[in-house]
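The values are calculated or read from the model by the stated rules, or taken from the named source; none is laboratory data. In this text, all values refer to a predicted model and were calculated from it rather than measured experimentally. Note: ideal-geometry Cβ built from the backbone for every residue, glycine included; neighbour counts use all protein chains shown. Side chains are part of the model used for accessible areas, which takes the heavy atoms of the whole protein and leaves out ligands, DNA and RNA. Shrake-Rupley method; radii C 1.70, N 1.55, O 1.52, S 1.80 Å.
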Amino acid sequence: MGEQLGVDLHQCGRLLAGLGDQLLVLQQRQQLDLLVPAPLRGAEHVALAALLQVQPGQLETVHCGRHGGQPVAGLGAGRRVGHQQAQAGRVAPADPAAGVIRLLEIVKLSPALAARKPRHLSGGEKQRAAIARALASDPDVVVADEPVSALDVSVQAAIVNLLTEIQAARGATLVFISHDLAVVRYLADTVAVMYLGTVAELGPVERVFAPPYHPYTEALLAAVPKPDPRLRGQRLVLEGEVADPAHPPPGCHFHPRCPYAVERCRAETPALEEIAPGHAVSCHRARELTLRGVAG
């Protein structure tokens with residue numbers, strides 16, 4: 001417990017099914033404990049709990065920007081922030097007002113905001129309120145889905161630092177889902193790169209980033225903006241169309257766009273295999289390719 005898993009998702013349907021499968025793998029490897037006393041909301045989260053072989057009330061999910069990257073998606077628009085914090089979970093049942101104040105203070109919000117509705121909050125305040133709501137049941141695992149996607153850079157930095165502080169203080173495992181690999185690299189201990197619902201690469205963040213072993217990870221890293229001109233390399237442009245996640249291509253799901261694909265990639269689905277201690281890749285050619293990572 002107490003680690004931060006960064007997940008980069010591309011065309012995964014946002015159903016979290018592939019993520020659930022991989023979390024179950026981590027659980028079976030005894031790398032992740034998934035006994036979490038907290039409520040789930042929605043059919044997708046019930047399905048995720050089933051994949052993880054836990055009851056729906058045993059996993060907490062942060063809905064930050066689930067719908068179009070809007071922070072308010074994790075909050076009920078018509079109810080006051082304090083009411084939502086108290087209802088979200090078992091906060092100081094003898095004194096719910098004190099429990100709500102404690103939660104707001106943890107995420108660095110004024111207790112006065114408890115009386116406001118989400119529409120009266122700024123984007124950063126909404127995101128902090130959504131995080132507080134997820135922490136109400138004191139979960140061991142928090143799944144944060146695109147928690148900074150709709151925020152400007154300065155507010156993004158504040159939210160990321162807040163998540164880091166909370167994770168360190170509470171010892172919870174944070175599953176951070178994002179398309180922003182720069183944020184994933186800063187925040188995560190372990191990163192899982194997913195494509196069309198399957199894990200392409202999984203391992204310690206610095207090993208995955210320099211160098212990667214999967215061509216899709218290489219393409220993602222090449223697309224990360226680099227402010228230092230000396231670190232800018234040639235951008236990799238992936239050809240072809242993104243496949244339908246509901247009907248993925250046979251073999252490796254990435255092969256229609258992969259510049260290194262061979263006939264085996266088109267015919268045989270690669271297994272997620274360990275290529276180094278703690279570093280797993282689903283690519284038939286992982287051991288023979290030399291791919292570019294990131295510097296600095």
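Points worth noting:
- Condition check for Q84: surrounded by 15 or more Cβ atoms within 10 Å (Cβ to Cβ) and farther than 29 Å from E206 by Cα: yes
- Cβ pairs under 8 Å, 6+ apart, first in region 267-295 and at positive phi, second of a type outside the set (F, W, Y) and surrounded by fewer than 18 Cβ atoms within 10 Å (Cβ to Cβ): G278/P204
- Here the condition is being without any contact (Cβ under 8 Å) to a residue 40 or more places away in the chain and in contact with a helix residue (DSSP H, G or I) (Cβ under 8 Å, 6 or more places away or on another chain); of A144, A158, it holds for A158 alone.
- Filter result for the condition that a residue is in contact with a Phe, Trp or Tyr (Cβ under 7 Å, 6 or more places away or on another chain), assigned to a helix (DSSP H, G or I), at pLDDT 80 or above and not hydroxyl-bearing (S, T, Y), over V193, V184, V208: V184
- Residues satisfying the stated conditions in region 187-224, i.e. over 24 Å from V242 (Cα atoms) and in contact with a strand residue (DSSP E or B) (Cβ under 9 Å, 6 or more places away or on another chain): L187, A188, D189, T190, G203, P204, V205, R207
- Of the helices (runs of 4 or more DSSP H) lying entirely inside region 62-145, those carrying at least 3 residues that are modelled with pLDDT of 70 or more and either in contact with a strand residue (DSSP E or B) (Cβ under 7 Å, 6 or more places away or on another chain) or over 24 Å from G171 (Cα atoms) (or both) are 81-88, 123-135.
- Total residues in region 119-141 satisfying the condition of being of a type in the set (D, E) and without any contact (Cβ under 8 Å) to a residue 40 or more places away in the chain: the figure is 1.
- In a residue-by-residue description of region 170-190, the property of being small (G, A, S), open to solvent by 20 Å² or more (accessible area, probe 1.4 Å) and in contact with a Leu (Cβ under 9 Å, 6 or more places away or on another chain) applies to no position.
- Applying the condition of being open to solvent by 50 Å² or more (accessible area, probe 1.4 Å) and β-branched (V, I, T) to region 234-291 and asking which residue is nearest to D189 (Cα to Cα) yields T290.
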